[in-house]
Amino acid sequence: MKSVWMIISALALANVLAVGGLLGWLSATDRLSKDRVQRIREMLGKPIAVEEQERLAAEAAARQQADDEARAIRLAASPVPAAVQIAAEREETELAHQRMLRRQREIDDLGAQLVRRQDDLDQRERELHHRIAAFEAEKQRYLEIEGAGQFRAALETLEGLKAKEAKALLGTMLDQGLGEQVVAYLSRMDDRKRSAIVSEFAREQPSLAADLLERLRTRGVATASAPRTAAANDPAEPAIP
């Protein structure tokens, strides 16, 4: 243990002697003075980050001072009075500010237009979804009507009647608000039977017959135009419910 302490003491003494020798050499060769020692102490007393910030701040202040001095020289050398030049600079600054405000308004207007267009697209999309839902509901009603077990039996009964009798029966259904069922029956009938019944409607109720033909057309049923009478222009003819 004693030998360890002796080694440590010897190393410490050697370091002290080395440092002392270095300082003596620096002083003897005129490389070390009190001022340099003070500057080294001040330099090592600040963190590098703080010293860098101070350096940047000093450089910025120097640049600003140089700009101010150059501006003062220009104002002094300019044939235009300083007050006039200052006013011109203020006017240019105001114009630049107005241009910035105008660009900002243009950007705001463009944003508002985009919002309105998006709202319009959203509204159209909602309307389209509503129409699709209505179409699907209408198709489902047709399937429910035509898929009922009694539908085929009722259709065969109608086809077995004379055209005038079938027209009267279907007319009663129309009066009861069963227009969808009437169109469903007509669309599934034999072409000749359907044409004969529509012709019966056309003789007495031409507007109603035209409405029936249009409803059949929208369901993809090809029909011949029913004969029309002089009553075709009667505006009081009711439409199919």
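The values are calculated or read from the model by the stated rules, or taken from the named source; none is laboratory data. No experiment lies behind these values; they were computed from the predicted model shown. Virtual Cβ from ideal backbone geometry, glycine too; neighbours counted across all protein chains shown.
Selection of region 206-222 for residues being closer than 23 Å to Gly160 by Cα and part of a loop (DSSP other than H, G, I, E, B) yields Val221, Ala222. Annotation: of all residues in region 6-60 being of a type in the set (Asp, Glu) and modelled with pLDDT of 75 or more, the one that is surrounded by the most Cβ atoms within 10 Å (Cβ to Cβ) is Glu51.
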